[in-house]
1. With loop defined by DSSP as not H, G, I, E or B, and exposure as at most 16 other Cβ atoms within 10 Å, which is the longest segment of the chain clear of exposed trypsin sites (Lys or Arg not before Pro)?
2. What length, rounded to one decimal in nm, is gained on full extension from Trp155 through to Arg139, with 0.36 nm per residue of separation minus their alpha-carbon distance?
3. Tell me, what ³J(HN,Hα) does each residue in the stretch 94-111 have, in order and in whole Hz, if you take phi through Karplus 6.51 cos²θ - 1.76 cosθ + 1.60 with θ = phi - 60° and put x for Gly and Pro?
4. Let me have the relative contact order for the stretch 12-155, percent, based on Cα pairs under 8 Å that are six or more residues apart.
5. Roughly how many debye, to the nearest 20, is the charge dipole of the chain about its Cα centre, given +1 on each Lys and Arg Cβ, -1 on each Asp and Glu Cβ, and no other charges?
6. Can you give the calculated 222 nm mean residue ellipticity of the chain, where each DSSP H run of n ≥ 4 adds -39,500 (n - 2.57) and the sum is split over every residue, rounded to the nearest 500 deg cm²/dmol?
Amino acid sequence: MGHAPVNSVAGGWQVSGITSLKSGIPLGITGGGNSNLFGGNQRPNVIGNPHLDHKTINEWFNTQAFAPAAPYTFGDVPRYFSNLRAPGYANWDTAIEKYWYLPKELRLQGRAEFYNVFNHPNFYAPDTNLTDGSFGTIRQAFGSRSIQFAMKLYW
């Protein structure tokens with residue numbers, strides 16, 4: 001009898017979580033022109049180093065490193081740069097549960113779920129179309145922290 005009050009507060013807890021860690025996807029620069037060579041779009045040319053020492057969401061790579069190719073020629077930009085990548089993704093989801101055992105084989109579960117528990121910003125890939133005004137910038141992010149509470153009665 002003396003352990004029941006302690007167990008109702010300290011017992012029956014469970015913690016679970018999911019961690020997702022991903023490296024950024026390789027970027028492919030598009031929008032070199034409208035030549036429509038052999039059924040495909042023209043690619044731009046690489047005229048400089050596309051890497052930056054300090055990336056920001058307003059300039060993820062060196063946009064001055066690319067230029068449109070001459071009409072009806074192939075640009076020299078590869079399909080994807082293996083070393084020029086979008087931002088990585090790191091996310092932690094956590095759930096905390098508490099069970100209370102009730103009479104007649106009843107059980108009550110209280111649950112709190114935290115999605116992106118650390119509220120870490122994760123960004124989408126930058127705009128890779130040379131002809132867009134937002135070329136090289138990141139304009140979207142994945143959702144911020146979200147919390148959900150639930151109660152469930154098992155019988």
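No value in this document is a laboratory result; all are computed from the given coordinates. Keep in mind the model is a prediction, meaning the values are calculated, not measured. Positions of Cβ are generated from backbone atoms using ideal geometry, with glycine treated the same way; all protein chains shown enter the neighbour counts.
1. Segment 1-54 is the longest.
2. 0.9 nm
3. Taking θ as phi minus 60°, the curve returns 9, 10, 10, 10, 9, 10, 10, 8, 10, x, 6, 6, 8, 9, 10, 10, x, 9 Hz for the stretch 94-111.
4. Dividing the mean separation by the residue count of the stretch 12-155 yields 28 percent.
5. Dipole of the chain, to the nearest 20 debye: 480 debye.
6. -1500 deg cm²/dmol
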